[in-house]
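Novice: Here it is: the structure, laid out below.
The values are calculated or read from the model by the stated rules, or taken from the named source; none is laboratory data. Source: prediction; values computed, not measured. Glycine also receives a Cβ, built like all others from the backbone with ideal geometry; neighbour counts cover every protein chain displayed. Protein only, heavy atoms only, side chains kept; ligands, DNA and RNA dropped before computing areas. Shrake-Rupley method; radii C 1.70, N 1.55, O 1.52, S 1.80 Å.
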Amino acid sequence: MEYTTVVMEHHYFRIFFYIILFSVTSINCWSQNFTNYYNDRNEAIHNYYEGKLEKADSLLTVAFKKVKPLGKDVYFAAVVSAKMKNIQKTRDLLKFSCVLNGISLKWLKEDSAIFSNVFTNFEFNRLLDTIVITTNLNYYLYENSKFNTMNYNFFDSLLFMDQKYRSDFKDSTNITEEQKLKLMKVNDDIVQKKLMDYVEEYGWPDYSELLTTILIHFSEENYLKYKTILLREVKIGHLDPFWYARMCDRLEKILYNNDCTYGIWTKSKCGKDIIRTNRLQIGLSLYYEGPFRTFKLVKK
């Protein structure tokens, strides 16, 4: 028991060291324009489902040299590598994804058949233990940061405010539709400006996709005021291109009757070349609709 405790403590320390070391040293190791990275990643996913594993692997290798990769993309690269039966590369990529907090036990269990091609049961179970330790450590570090706790409460309050009049007066007969819209407009403006004040200072937060609900409610004025800042957040990898595109398509339609920006809502009136060009300019996939969470969701 004492020996096990010592080993576990050493394991915690080693993982903590790598998390801190990577966080410090990775800042200047990559450029920070994710557009080409996203496009390479999206093409890799497409090739993966076309059965072209070597091409997918090559595209991901190129993408990871351009920017600091997203943890879930590194996990995807590990899946590709495992299917190619590259043992050492799979092991390295899973460890890298773990440090980037881009892996979950659920994914590993779902993909256990894939990883059984390269790992023994003992190795795989040991990997699961490492993921549990790292996840708990990342959670501990996050929970014990006053800045993170303060932000969590702040974002929760913004989401509550965003839904306030939409939910409070949904079926109410005590207020006219015109009054409701006026109250909502004032409230939305406050919420949107508070969010963008944060984004301007700290960047788009790694909080929850729910926060993007506020983007879809953006007023015309705030869209024109903040769209350049939000595009910057897409290009530096903080905001998924889909959420930006969804906001743009709605407001470009309202402002200019333009259906042909990114084709999120409709493609009926748009030339494919226009949408293709626009999507590639922000790293939005040509092959699937929706935000990119994990490669599993794009399977046909």
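Novice: Identify, from the list Gly263, Gly237, Gly290, the residue that is small (Gly, Ala, Ser), assigned to a loop (DSSP other than H, G, I, E, B), touching a helix residue (DSSP H, G or I) at 6+ places or on another chain (Cβ under 9 Å) and modelled with pLDDT of 90 or more. First the steps, then the outcome.
Specialist: Details: Gly263 fails: modelled with pLDDT of 90 or more; Gly290 fails: modelled with pLDDT of 90 or more.
Only one candidate passes the filter, namely Gly237.
Novice: Here's a follow-up. Considering only residues that are in a helix (DSSP H, G or I) and open to solvent by less than 80 Å² (accessible area, probe 1.4 Å), which ones fall in region 117-135?
Specialist: Just the residues of region 117-135 that are in a helix (DSSP H, G or I), to begin with: 121-135.
Across region 117-135, the qualifying residues are Glu123, Phe124, Leu127, Leu128, Thr130, Ile131, Val132, Ile133, Thr134, Thr135.
Novice: Turning to a different aspect of this structure: Tell me, which residue of region 22-40 that is at pLDDT below 95 and assigned to a helix (DSSP H, G or I) is nearest to Tyr244 (Cα to Cα)? Full working, then the answer.
Specialist: If we filter region 22-40 for residues that are at pLDDT below 95, which is where we start, we get 22-33.
Filter again for assigned to a helix (DSSP H, G or I), leaving 22-25.
Details: Phe22: 29, Ser23: 27, Val24: 29, Thr25: 29 Å.
Among those that are at pLDDT below 95 and assigned to a helix (DSSP H, G or I), it is Ser23.
Novice: Could you please tell me which pairs satisfy a Cβ distance under 8 Å, a separation of 6+ or placement on different chains, a first residue in region 144-160 that is farther than 12 Å from Pro205 by Cα, and a second residue that is charged (D, E, K, R) and modelled with pLDDT under 90?
Specialist: Matching pairs, first to second residue: Thr149/Glu143.
Novice: Which of the following residues is in a helix (DSSP H, G or I) and either closer than 21 Å to Ile216 by Cα or touching a residue at least 12 places away in the same chain (Cβ under 8 Å) (or both): Ile103, Ile114?
Specialist: Numbers: Ile103 fails: in a helix (DSSP H, G or I).
Within the list Ile103, Ile114, the selection yields Ile114.
Novice: Let me ask you something else. Restricting attention to region 174-219, and to residues there that are part of a helix (DSSP H, G or I) and hydroxyl-bearing (Ser, Thr, Tyr), which single residue is nearest to Tyr139 (Cα to Cα)?
Specialist: Taking region 174-219 and keeping what is part of a helix (DSSP H, G or I), we get 177-202, 209-216.
Now drop any that are not hydroxyl-bearing (Ser, Thr, Tyr), which leaves 198, 202, 212-213.
Numbers: Tyr198: 23, Tyr202: 21, Thr212: 23, Thr213: 25 Å.
The selected residue is Tyr202.
Novice: Given (1) closer than 22 Å to Asp73 by Cβ; (2) open to solvent by less than 70 Å² (accessible area, probe 1.4 Å), where does Tyr142 come up short, assuming only one miss?
Specialist: (2)
Novice: Name the one entry in Leu230, Leu224, Leu210 that is in contact with a helix residue (DSSP H, G or I) (Cβ under 9 Å, 6 or more places away or on another chain), open to solvent by less than 30 Å² (accessible area, probe 1.4 Å) and of a type in the set (A, V, I, L, M, F, W, C).
Specialist: Working: Leu224 fails: open to solvent by less than 30 Å² (accessible area, probe 1.4 Å); Leu210 fails: open to solvent by less than 30 Å² (accessible area, probe 1.4 Å).
Testing whether each residue is in contact with a helix residue (DSSP H, G or I) (Cβ under 9 Å, 6 or more places away or on another chain), open to solvent by less than 30 Å² (accessible area, probe 1.4 Å) and of a type in the set (A, V, I, L, M, F, W, C) leaves just Leu230.
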